[in-house]
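The structure appears below as structure tokens.
Throughout, read-outs are computed from the coordinates displayed, never taken from laboratory work. From a predicted model like this one, the values you see are computed outputs, not experimental measurements. Cβ atoms come from the backbone with ideal geometry, glycine included; neighbour counts cover every protein chain shown.
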Amino acid sequence: MASIKIKLFKGKTLSDGRHPVVLQIIDDKRVRKIALELKAFPEEWNEGLSRFSNTHRSYRKHNQILEHFEQKAEKIQQELILENKPFSFELFRSRFLGSKKSSRLLEFLSNHVQILGEQGKLSTQSAYQSTFNVLKEFTRNQEISFYSVDYEFLVSFEKFLFQRGSTEGGVHHHMRNVRAIFNEAIRKGYCESEYYPFSHKHNEQGYSLSRVKSKAKPQSLSDQELERFKNLPLEKYPELVDSHMYFMFSYYTRGMNFNDMARLTRRNLKGGRIVYQRRKTGTTFSIKEDPRIKSILSHFYHPGSTFLFPILNSQHKTERQQKDRIHKCLRKFNRDLRKIGELIDASIPITSYTARHTWASTLKRKGISTEIISEGLGHSEITTTKAYLENFNEDILDQTSNYL
């Protein structure tokens, strides 16, 4: 049987200097606490009696409340014995608080995914859906409570992700999502902050995402590889022509994201420039439409379409339809790039992001100032690159195309 006792929790000090009164439950050597919404200074508490001392002005009333809590806890324990149910902190807590809110992690995460979809946040929804799927696989389709997720659980989940082939960046992504779900659950009252398993200023022993902080790895083509890419005999590989041109267009447009490329229309062509807003950051870019870019756009030109590339069309009306179509085309694009990488004997796996990294690295090798470009890789560095570019006028940026 679990040990249950009322305590003054001196491990936590409230803003007024007092400590919370809690119901402490010890079961299988694990200590849990339930806040009783009462508080006291140390001198107002009788440790031996687990009651307010007579120095507290409302000690009689508060001690009656504590008596009630003790009786309620004892009654719940007896009920569990009569029902032949093993003691469970989650079940005890639910009955003690009379809470209708579920402490089940997967259920909460599933609902969160649904809400994101209803809000039209499809990319974020997809990211959390992915985390839900791997968590469900890790727990073998068994529901888990927020209170069951501790440091050991997260370390085991981390190991599971690596074993199934995730990179450090992938593991970091899922752990970040789990942490965000915990924060949301605590805000909404589905979990108490005391059981937050991640490292923070009051619990430095919690799980830290720095365990899986990925280091940037080179993802750009060398000058020689880039030349082999440019000079690939496309007449031998007609099935790769479109993907080859998508890559070169991205390269010539400072590594434009495939999602942004897919949504370009004729309205983005203004006065010999491509003007568009990056969906990820909301930043507006204006890029000179040089002859190489014009040649690629001419290849894809279709008089019956307003889109510059044959990825989206008038049938893709909703955001969901557009997102699904772009995702499908991006998969093919990356498959084709892997094939091209093999053909040119590239030292790295070529992906859609390689164009952006190659653009930055090529200019850096040509001596372009780091105030104009950043050779850093990965999302955080890409964002930094964007920030640097915003500070220079179009004439300076236009000149960089001469080095490509």
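Assorted remarks:
- Computed E for Glu118/Ser53 - FRET, C-beta separation, R0 45 angstrom, nearest 0.05: 0.30
- Of Lys7/Lys136; Lys29/Lys72; Lys61/Lys85; Lys85/Lys213, those spanning more than 31 Å from alpha-carbon to alpha-carbon: Lys7/Lys136; Lys61/Lys85; Lys85/Lys213
- Rel. contact order, % - alpha carbon contacts under 8 angstrom, at least six apart, region 141-261: 22
- Test item: Cα-centred dipole of the chain, Lys/Arg +1 and Asp/Glu -1 on Cβ, debye: 620
- Each Cα pair under 8 Å and six or more residues apart adds its sequence gap; the mean of these over the residue count of the chain is a relative contact order of 10 percent.
- Straight-distance crosslink candidates among lysines, where the alpha carbon sits under 22 Å from Lys366 and sequence neighbours closer than 8 are dropped: Lys217, Lys230, Lys288, Lys386
- Debye-sum result for region 138-203 in log10 I(q)/I(0), which assumes one identical scatterer on each alpha carbon, at q = 0.14 Å⁻¹: -0.44
- Loop-located GluC sites (Glu not before Pro) across region 61-120 with a Cβ neighbour count of 15 or fewer within 10 Å are Glu83, with loop assigned by DSSP.
- Which labelled figure in (1) 88, 43, 38; (2) 169, 71, 42; (3) 65, 59, 40 is Cα extents along the principal axes in Å, once derived from the coordinates: (1)
- Ranked by the mean number of other Cβ atoms within 10 Å per residue, highest first, peptides 336-343, 174-181, 277-284 order as 174-181, 336-343, 277-284.
- The alpha carbon gyration tensor of region 201-309 gives principal lengths a ≥ b ≥ c with a/c of 1.5 or higher and a/b no greater than b/c, which makes the shape oblate.
- For region 107-169, the square roots of the Cα gyration tensor eigenvalues, ordered a ≥ b ≥ c, give a/c of at least 1.5 with a/b no greater than b/c, which places it in the oblate category.
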